[in-house]
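The values are calculated or read from the model by the stated rules, or taken from the named source; none is laboratory data. Bear in mind that the values here come from a model prediction, so they are computed numbers and not experimental data. Cβ atoms come from the backbone with ideal geometry, glycine included; neighbour counts cover every protein chain shown. Surface accessibility is based on the protein's heavy atoms, side chains included, excluding ligands, DNA and RNA. Shrake-Rupley method; radii C 1.70, N 1.55, O 1.52, S 1.80 Å.
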Amino acid sequence: MLSKYILTDTDLKTALLSGFAILPAPMKKLIKCILNLSASINLTIILLSVATLIFILQIAQDKLVFYFPSWQWLSAAGKFDFYHSRGFFVLFALFCINLIGCTLKRLPRTIDVLKSSSKELDEARRTSLPICETVAVSDYQAARQTLLAMVAGYFKKTGIVREDGDSLHLFAEKGRYSHAGFYLAHLCLLLLALGTTLSATGFQYSFEVTKNQLLDPLVVRDAGRQEKALDFSLLCSDLKTTSYGESSKLKKHQSTLSIIKNGATVATQEVDFATPLHYNGIDIYQDRFSKTIPYAKIKIIAPDNQQSTHELKLGDSFAAGATGVRIRLTRLRPDGVQLKTLTLPETLWVAQNPVQFHQAQLQGYQVSLIEISQKESTTLKAIYDPGKGLIWYSFILMVAGFSICFFCSHQRMWARIERTGSGCSVTLAGAATKNAREVSELIMTIKNSMEYSQSREQR
Amino acid sequence: MVNTYLYAIVPLLYLLCTVLYLLHVLFKVERVGRIATIMTALGLTVHGAAFIARWLESYQLGMGHLPIRGPYECLTFSAMMLVAFYLAIEIKIRTRAFGVFILPVAFLLMVFATLSSRVSKQIVAMPEVLQGNYINYHLSSCFIGYAAFAVSCVASILFLIKRDGGDAHTAKTTLPSRETLDEISYRMIAIGFVMYSILIVTGMFRSKLIWGSYWQWDQVQTWSLIAWLVYAVLLHGRFTWKWSGTLTAILSIIGFLFSIISFLVGAGFLFASGHYPITGKF
C-alpha cells in the first residue's frame with residue numbers, strides 16, 4: 001500500500017534531472033561547476049594548504065620578520081586578527097561544504113562496491129581488476145580443494161557463488177565495512193565543529209564562595225553576559241587543601257558542595273579541578289585556590305526604619321532598599337570601609353557611626369559598618385556546555401573512523417575454475433582498497449601451490 | 001632510586017646497538033645483526049623496566065603519576081616509543097638497516113635527557129592541571145605521535161637519499177627498498193595522525209576547563225594543528241591522487257618539522273605560550 005508513496009532512487013534522480021533540465025544553459029553550467037568544485041579534492045587540498053599558511057603567518061610573524069627583515073610587510077598583517085575575521089568564517093564554511101560535498105560524491109561509488117551485483121568473475125570484471133592470474137591444471141578436484149582450503153584459510157569462508165559439474169565460481173571478501181571509516185571520520189569532523197558551535201551558546205562563570213555560605217539561588221552570567229538565577233541553591237559546606245606527602249607543595253583544592261532544591265538536598269559531592277558536581281546539565285568545578293579574605297558586614301537603615309545587613313568582600317555590591325541604586329565596596333581598612341554608588345561617582349567612608357550619602361535618591365538612608373571578619377573562601381566555576389556530549393562522542397567515533405580508514409582494508413577475491421578439454425583453467429583475481437600486496441600474495445600463493453601440485457603429478 | 005640506575009644503562013645499550021647495526025650493515029655479518037636485534041630488545045626491556053620503576057617510585061613518594069611529565073620523562077618516553085616502533089618495523093619487514101638511523105636518535109635523546117644540566121631527573125609534584133588520567137591520554141598520545149612521525153621522517157629522508165634501482169630489501173644488510181620506505185613512512189604517519197587527533201581533541205577538553213573555550217589559538221594548539229593539517233594534506237593526496245614517493249616524503253619531513261616546533265613551544269624553548277604541558281608550567 002505504502003509503496004506508491006515511497007520515492008525510489010530512480011524517481012528521485014528523474015525528478016532532480018527534469019528540474020535541472022528546465023534551467024537555462026549558463027545556470028546549469030554554473031551549478032555543475034559549483035557542485036564539482038564543492039566536492040573536489042583539489043579544493044580540500046587548497047583549503048588545507050591555505051589554512052596552514054595563514055596559521056603560520058599569523059602565529060610566527062614576529063619571528064619571521066626578525067629572521068627575514070625583508071618580510072617587514074608581515075608586521076602589518078600581524079595586526080590583523082584572522083581568527084576572528086570573516087575570512088576565517090569563509091574558510092571554515094568552505095571547508096565544511098567541501099567535506100559534505102566530497103562525502104556525498106563518494107557515496108554512490110561506495111554503494112556500488114558494496115552492492116556489487118556480479119560476484120561471478122566474468123570477462124568484463126576480470127579485465128577491470130588490478131590483480132589477475134591464470135593457471136592451467138589437469139586435476140579439477142585437486143585444484144578445487146586447494147582453492148577452497150586456501151580461500152577459507154584467509155577469508156574464513158569458502159564463498160562458493162555457483163558450482164556445476166564443469167565450473168566453479170567463487171567470491172570471498174573481508175573488511176566490507178571498512179568504507180564506513182571514511183564517512184565516520186568526515187561526519188565526526190563536522191559534528192565536532194557543530195559541537196564547538198553549540199558549546200558557544202553555553203556559559204562558564206567563576207564565582208567566589210565562603211565556607212558554609214549558601215548561594216540562594218546560584219546566580220551566573222550566561223553567554224550574553226546577562227545575570228541568570230538558576231533554579232537551585234548551592235551550599236559550600238567545606239574547603240580542603242591537600243599537600244604532597246609531608247611537603248608543603250599543594251596537590252589539590254577541594255570543596256564539598258551540596259545542591260539544594262525546594263529546601264531538600266538533592267546532590268552532595270566533593271569537587272576538585274577535574275571532578276565536577278553534575279546537576280541539571282551544569283557542572284560545578286573547583287576553579288582557583290582557597291584563601292582567607294576579609295569581609296565587611298554593612299548595615300543600612302531606610303527612611304522608614306527598615307534595616308538590612310549585607311556581607312561584602314572587595315568589589316561586591318548591593319541594592320540600597322527600594323531605590324534601585326547599587327552601592328559597591330571599593331576599599332577596606334581595619335577601621336572602616338569605602339563605599340561607592342554605581343550611578344554617580346560619589347564615595348563615602350563608613351565606620352561604626354551611621355553616615356549618609358548626598359545623592360537625592362539615597363536621602364534618609366543611613367549606612368554603618370558592623371564588623372570586618374576573615375573568611376575562608378574559594379573560587380568555583382559553573383559550566384553549562386550543551387556541545388560537550390556531541391564533541392565527546394564525535395571524538396571517539398572520529399578516532400574509530402580514522403583507525404578504520406588507515407588500518408582496515410576491503411579485500412575482495414574472485415576465482416573461476418573451468419574444465420577445458422583435457423584439464424582445467426583457474427582464473428584468480430582480486431582487489432583491495434589498501435594493502436593490495438596481501439591479496440596479491442594470497443593469489444600468488446594459491447597459484448604457486450597449484451603449479452607445484454601439477455608439476456609433482458607430472459613427475 | 002632504581003629508575004635512575006636503569007635509565008643510565010639504557011643509553012649505553014642503545015649506543016651498543018647502534019654500533020652493532022653499523023657493523024652489520026658495513027660487514028654484512030648475519031650473526032652481528034641478530035645480536036643487534038637481541039640487544040635492542042634487551043635495551044627496550046630495560047627501558048620499560050625503568051619506566052615502570054619510576055612510575056612505582058612516584059607513588060612511593062606520594063606523587064603517583066605516569067612518568068610522561070616534565071622534560072626528562074617526555075624525552076625518555078619518546079625514545080622508548082621510537083625504539084618500540086623500530087623493533088615492530090624490523091619484525092614486520094625483516095630489515096635491520098633501518099636500525100642504523102633510528103637507534104642513534106634514541107641514543108641521543110637518552111644522552112640529552114640523562115646528561116643535560118637543563119633537564120632535572122627528579123620526580124616532581126605536578127600542579128592540579130597535570131594530574132589525573134585525562135592528562136595521561138593527552139600526553140601519551142602526544143609522545144607516541146611524535147615517535148611515529150620521527151620514524152616516518154627518517155624513512156622519508158632515507159627514501160630521498162636512496163636511489164632508484166639500488167639494492168632492494170632482498171639484501172637484509174642494506175637499506176630497505178624505496179617502496180618499503182614509502183610504506184613505512186605512510187604507516188607511521190597513519191599511527192601518528194590518529195595519535196595527534198587524540199592529542200588535539202583531549203587538549204581541547206583541557207583548554208575548555210582551564211581557559212573556558214575549546215580553542216584558544218594558543219601557540220602549542222596552533223602549531224599542533226598546523227602539523228595535523230600538513231599530514232591531512234599528505235593523507236588526502238595519498239588516498240585520492242595516489243601520491244607517493246618524493247612528494248609525500250617531503251611533506252612528511254615538513255610535517256615532522258612542525259610537530260617538533262609544537263614540541264619546542266610546549267617545552268618553553270620557542271615562542272610565548274599560555275601553557276607548557278611538557279614543563280608543567282601553566
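Would you confirm, using the coordinates I've provided, whether A:L53 is at pLDDT 85 or above, within 11 Å of chain B (Cβ to nearest Cβ) and buried (at least 17 other Cβ atoms within 10 Å of the Cβ)?
no
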Seminar exercise, completed: Selection over segment B:178-227 where residues are modelled with pLDDT under 85, of a type outside the set (F, W, Y) and over 16 Å from A:D385 (Cβ atoms) yields a count of 2
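Name the residue that is most open to solvent (accessible area, probe 1.4 Å), counting only residues in segment A:269-288 that are among the hydroxyl-bearing types (S, T, Y) and either on the phi > 0 side of the Ramachandran plot or within 12 Å of chain B (Cβ to nearest Cβ) (or both). Steps first, please.
We begin by selecting, within segment A:269-288, every residue among the hydroxyl-bearing types (S, T, Y); these are A:275, A:279, A:285.
Restricting the remaining residues to those that are either on the phi > 0 side of the Ramachandran plot or within 12 Å of chain B (Cβ to nearest Cβ) (or both) gives A:275, A:285.
On the way: A:T275: 57, A:Y285: 18 Å².
Here the answer is A:T275.
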For this session: Keeping to segment A:174-204, report how many residues are of a type in the set (S, T, N, Q), in a helix (DSSP H, G or I) and over 28 Å from A:D122 (Cβ atoms).
Result: 3
For this session: Could you check how many residues of segment A:291-334 are in contact (Cβ under 8 Å) with a residue 40 or more places away in the chain and either open to solvent by 90 Å² or more (accessible area, probe 1.4 Å) or in contact with an Asp or Glu (Cβ under 6 Å, 6 or more places away or on another chain) (or both)?
Result: 4
Exercise. Consider B:S141 against the criteria (1) assigned by TED's automatic domain parsing to the domain that holds B:T45; (2) surrounded by fewer than 24 Cβ atoms within 10 Å (Cβ to Cβ); (3) touching a Leu at 6+ places or on another chain (Cβ under 6 Å): it satisfies all of them except one. Which criterion is unmet?
Worked result: (1)
For this session: Restrict the check to segment B:173-186 and report whether at least one residue is touching a His at 6+ places or on another chain (Cβ under 9 Å), more than 10 Å from chain A (Cβ to nearest Cβ), in contact (Cβ under 8 Å) with a residue 40 or more places away in the chain and open to solvent by 20 Å² or more (accessible area, probe 1.4 Å).
Result: yes
For this session: Would you mind finding the one in A:F171, A:F207 that is surrounded by fewer than 18 Cβ atoms within 10 Å (Cβ to Cβ), assigned to a strand (DSSP E or B) and touching a residue at least 60 places away in the same chain (Cβ under 8 Å)?
Result: A:F207
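Got a number for residues in segment B:86-123 being of a type in the set (D, E, K, R) and farther than 17 Å from B:V32 by Cα?
From segment B:86-123, those of a type in the set (D, E, K, R) are B:90, B:92, B:94, B:96, B:118, B:121; that's our starting set.
Among the residues that remain, those that are also farther than 17 Å from B:V32 by Cα are: B:92, B:118, B:121.
So the count comes out to 3.
One line per residue, one yes/no per condition, for (1) out of contact with any helix residue (DSSP H, G or I) (no Cβ under 7 Å at 6 or more places or on another chain); (2) within 30 Å of A:K240 (Cα to Cα):
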residue	(1), (2)
A:T347	yes, no
A:F357	yes, no
A:L362	yes, no
A:T379	yes, yes
A:S394	no, no
A:C408	no, no
A:S422	yes, no
A:L428	no, no
Exercise. Which of (1) in a helix (DSSP H, G or I); (2) in contact with a Phe, Trp or Tyr (Cβ under 7 Å, 6 or more places away or on another chain); (3) over 25 Å from A:K251 (Cβ atoms) does B:R96 not meet, given it meets every other one?
Worked result: (1)
Exercise. Which residues, taken from segment B:96-138, are within 30 Å of B:A190 (Cβ to Cβ), within 14 Å of chain A (Cβ to nearest Cβ), open to solvent by 40 Å² or more (accessible area, probe 1.4 Å) and of a type outside the set (S, T, N, Q)?
Worked result: B:G132, B:Y134, B:Y137
Exercise. Across segment A:241-253, what is the number of residues that are in contact (Cβ under 8 Å) with a residue 24 or more places away in the chain and more than 10 Å from every other protein chain (Cβ to nearest Cβ)?
Worked result: 1
Exercise. Which of the residues that make up segment B:188-207 are open to solvent by less than 30 Å² (accessible area, probe 1.4 Å) and more than 7 Å from every other protein chain (Cβ to nearest Cβ)?
Worked result: B:M188, B:I189, B:G192, B:Y196, B:L199, B:I200, B:T202, B:G203, B:M204, B:F205, B:R206, B:S207
Problem set entry | The one condition in (1) touching a residue at least 24 places away in the same chain (Cβ under 8 Å); (2) away from every other protein chain (no Cβ under 14 Å); (3) over 30 Å from A:A93 (Cα atoms) that A:A229 fails to fulfil | (1)
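One line per residue, one yes/no per condition, for (1) more than 16 Å from B:L12 (Cα to Cα); (2) in contact with a Leu (Cβ under 7 Å, 6 or more places away or on another chain); (3) touching a residue at least 60 places away in the same chain (Cβ under 8 Å); (4) among the hydrophobic types (A, V, I, L, M, F, W, C):
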| position | (1), (2), (3), (4) |
| --- | --- |
| B:V100 | no, yes, yes, yes |
| B:A106 | no, yes, yes, yes |
| B:S120 | yes, no, no, no |
| B:A150 | yes, yes, yes, yes |
| B:L158 | yes, yes, yes, yes |
| B:K162 | yes, yes, no, no |
Exercise. In segment B:39-68, how many residues are within 14 Å of chain A (Cβ to nearest Cβ) and touching a residue at least 24 places away in the same chain (Cβ under 8 Å)?
Worked result: 5
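Which of the residues belonging to segment A:181-193 are closer than 14 Å to A:R109 by Cβ and in contact with a Cys (Cβ under 9 Å, 6 or more places away or on another chain)?
Here is the first cut: in segment A:181-193, the ones closer than 14 Å to A:R109 by Cβ are A:182-183.
A:F182, the sole residue that qualifies.
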Problem set entry | Unique residue being within 11 Å of chain B (Cβ to nearest Cβ) and surrounded by fewer than 20 Cβ atoms within 10 Å (Cβ to Cβ) when the list is A:A200, A:A185 | A:A200
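Only strands (runs of 3 or more DSSP E) wholly contained in segment A:224-268 count here; list those with 3 or more residues that are more than 19 Å from A:F289 (Cα to Cα) and open to solvent by 60 Å² or more (accessible area, probe 1.4 Å). Show your work before the answer.
Working: elements: A:227-229, A:233-243, A:250-261.
Ranges flagged: A:227-229.
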For this session: State whether one or more residues within segment A:405-412 are within 25 Å of B:M204 (Cα to Cα) and either surrounded by 19 or more Cβ atoms within 10 Å (Cβ to Cβ) or among the β-branched types (V, I, T) (or both).
Result: yes
Exercise. Name the residues in segment A:99-138 that are surrounded by 11 or more Cβ atoms within 10 Å (Cβ to Cβ) and among the acidic types (D, E), would you?
Worked result: A:E120, A:D122, A:E133
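Here is a yes/no grid of residues against (1) within 30 Å of A:R176 (Cβ to Cβ); (2) not in a helix (DSSP H, G or I):
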position	(1), (2)
A:V65	no, no
A:F92	no, no
A:R106	yes, no
A:I111	yes, no
A:L121	yes, yes
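Mind counting the residues in segment B:234-244 that are without any contact (Cβ under 8 Å) to a residue 40 or more places away in the chain and either open to solvent by 10 Å² or more (accessible area, probe 1.4 Å) or more than 7 Å from every other protein chain (Cβ to nearest Cβ) (or both)? Before you say what the answer is, go through the steps one by one.
From segment B:234-244, those without any contact (Cβ under 8 Å) to a residue 40 or more places away in the chain are B:236-237, B:239-243; that's our starting set.
After this cut, where a residue has to be either open to solvent by 10 Å² or more (accessible area, probe 1.4 Å) or more than 7 Å from every other protein chain (Cβ to nearest Cβ) (or both) as well, the list is B:236, B:239-243.
Here the count works out to 6.
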For this session: Test each condition in (1) modelled with pLDDT under 90; (2) open to solvent by 30 Å² or more (accessible area, probe 1.4 Å) for A:T445 and report the one that comes out false.
Result: (1)
